[in-house]
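Participant: Mind looking over this structure? Questions follow.
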Amino acid sequence: MNQKPKAPHPWRFDPVDIVQMRLLARLRPGQRVRVMLEAQALARGLIWGRLRRQYPDASERELALKFLEEIARADQTRAGP
């Protein structure tokens, strides 16, 4: 019985970084929360910056609506194959 190995799944996100997970596991709970909040702030800043470049004439309100649309779209995206 010679079976072919299955092809890897086309993941939308990178696989888990084991080293990063071990480093995070060493932190106290409060430190892990701080790291998560800092990563969240970085992601928000990157999205806002991209939206400002894409829509240079948009008002802050228009950019905020585009930001919310993007977040809503991301909430509907599955993290698997």
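The values are calculated or read from the model by the stated rules, or taken from the named source; none is laboratory data. Because the structure is a prediction, the values reported are computed rather than measured. With ideal geometry, Cβ positions are generated from the backbone for all residues, glycine too; neighbour counts draw on all protein chains shown.
Participant: State which residue is farthest from the chain's Cα centre (by Cα) when the search covers only the range 37-59 and only residues that are surrounded by 10 or more Cβ atoms within 10 Å (Cβ to Cβ) and more than 27 Å from Leu24 (Cβ to Cβ).
Facilitator: Applying the filter and picking the extreme gives Ala58.
Participant: Next question. Collect the residues in the range 38-68 that are of a type outside the set (A, V, I, L, M, F, W, C) and under 27 Å from Val16 (Cα atoms), keeping them in residue-number order.
Facilitator: Across the range 38-68, the qualifying residues are Glu38, Gln40, Arg44, Gly45, Gly49, Arg50.
Participant: Could I ask something else about it? Considering only residues that are aromatic (Phe, Trp, Tyr) and either more than 28 Å from Leu68 (Cα to Cα) or modelled with pLDDT under 95 (or both), which ones fall in the range 1-53?
Facilitator: Trp11, Phe13
Participant: Tally the residues that are in a helix (DSSP H, G or I) and of a type outside the set (A, V, I, L, M, F, W, C), restricting the search to the range 26-81.
Facilitator: Residues that pass the stated criteria total 23.
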